[in-house]
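Written out below as structure tokens is the structure these notes cover.
The values are calculated or read from the model by the stated rules, or taken from the named source; none is laboratory data. No experiment lies behind these values; they were computed from the predicted model shown. For neighbour counting, all protein chains shown are included, and Cβ atoms are generated from backbone atoms with ideal geometry for every residue, glycine included.
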Amino acid sequence: MFSDAADLTNLKQGDIVRDFVFPIARVDSTRLLSRVVGTTGTKICVEAAAEGDPKRQHHIVQVQGTVASCAVMSQCCDVDSSQNPPPHSFVLCKLVPVPPKLQQHRPSYETLIANVDPYGGAKAFIQNFWFGKVPGLHGEFMADFAQPTTISWADYQKVLQTKIAELDDLHRAMFRVKVGAHFGRVAQEDKAAGYEDPYLRPDSPPAPKVPYIEKIAQAFRLILGKE
């Protein structure tokens with residue numbers, strides 16, 4: 001599952017980082033921090049505090065959160081530290097303990113720990129990736145793709161310093177496939193309406209005639225059994 005020698009110079013998809021303050025935004029309890037801009041008698045006038053470059057300002061907010069371990073959900077190429085210029089951000093997802101009740105239900109538990117192929121036709125835990133026992137952590141964990149958060153690239157090195165485990169090549173590839181399957185799910189109503197693959201519909205906007213792109217698209221469709 002995990003590589004014996006983790007690369008501590010780069011983040012990679014599926015890496016485990018620990019002691020991360022994971023924000024849980026709640027609409028009613030989120031607060032904008034403000035600064036005083038004036039007073040009138042006993043009345044205080046304030047405005048929302050902002051930071052950053054004038055072209056990319058952001059407000060300072062107070063939200064709920066928890067300390068958790070996370071997995072890098074962005075693809076390896078998107079968290080390569082040599083990018084110039086780098087992207088604005090990258091994505092982590094929360095690690096959660098495997099529920100004891102699930103561990104006791106052998107058929108489901110065995111499906112989870114096998115990280116079953118989400119495209120294989122069998123029922124799979126498409127929202128989760130099982131890590132089991134993670135070096136440096138206590139318990140048994142799985143990634144929850146439904147709990148992601150975005151991290152500023154400015155904090156890349158700080159996140160890298162908390163990296164404790166790296167997947168081997170096989171399991172990193174499996175992680176990538178399961179992430180893609182989770183976010184690429186087709187809604188049942190879209191299937192029923194004939195929108196499972198909108199690009200094959202006769203009313204789909206025509207793509208520019210670029211031969212090599214058409215060949216790549218055709219190859220993917222052959223792999224997925226669409227042609």
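Out of D4, D19, I need the residue that is assigned to a strand (DSSP E or B), under 21 Å from F129 (Cα atoms) and either of a type in the set (D, E) or at pLDDT 90 or above (or both). Which one? Before you say what the answer is, go through the steps one by one.
Details: D4 fails: assigned to a strand (DSSP E or B).
Answer to the check: D19.
In the set E196, E166, only one residue is among the acidic types (D, E), in contact with a helix residue (DSSP H, G or I) (Cβ under 9 Å, 6 or more places away or on another chain) and under 19 Å from V96 (Cα atoms); that residue is E166.
For the stretch 55-67, the criterion of being of a type in the set (D, E, K, R) and within 19 Å of I16 (Cα to Cα) is met by none of the residues. Quick check: is even one residue across the stretch 145-159 surrounded by fewer than 10 Cβ atoms within 10 Å (Cβ to Cβ) and either under 24 Å from the mean Cα position of the chain (by Cα) or on the phi > 0 side of the Ramachandran plot (or both)? No: zero hits. Counting only strands (runs of 3 or more DSSP E) that sit completely within the stretch 39-123, those holding 2 or more residues that are of a type in the set (G, A, S) and surrounded by 13 or more Cβ atoms within 10 Å (Cβ to Cβ) correspond to 64-72.
Taking the criterion of being among the acidic types (D, E) and either in contact with a helix residue (DSSP H, G or I) (Cβ under 7 Å, 6 or more places away or on another chain) or not in a loop (DSSP other than H, G, I, E, B) (or both), the only residue of the stretch 131-152 that qualifies is D144. Would you mind stating whether Y109 is at pLDDT 95 or above and hydroxyl-bearing (S, T, Y)? Against the criterion (at pLDDT 95 or above and hydroxyl-bearing (S, T, Y)), Y109 qualifies.
Just to be sure before I move on: is V27 among the hydrophobic types (A, V, I, L, M, F, W, C) and touching an Asp or Glu at 6+ places or on another chain (Cβ under 6 Å) in the structure I sent?
On the way: among the hydrophobic types (A, V, I, L, M, F, W, C): yes; touching an Asp or Glu at 6+ places or on another chain (Cβ under 6 Å): no.
No; evaluated as a whole, the condition is false for this residue.
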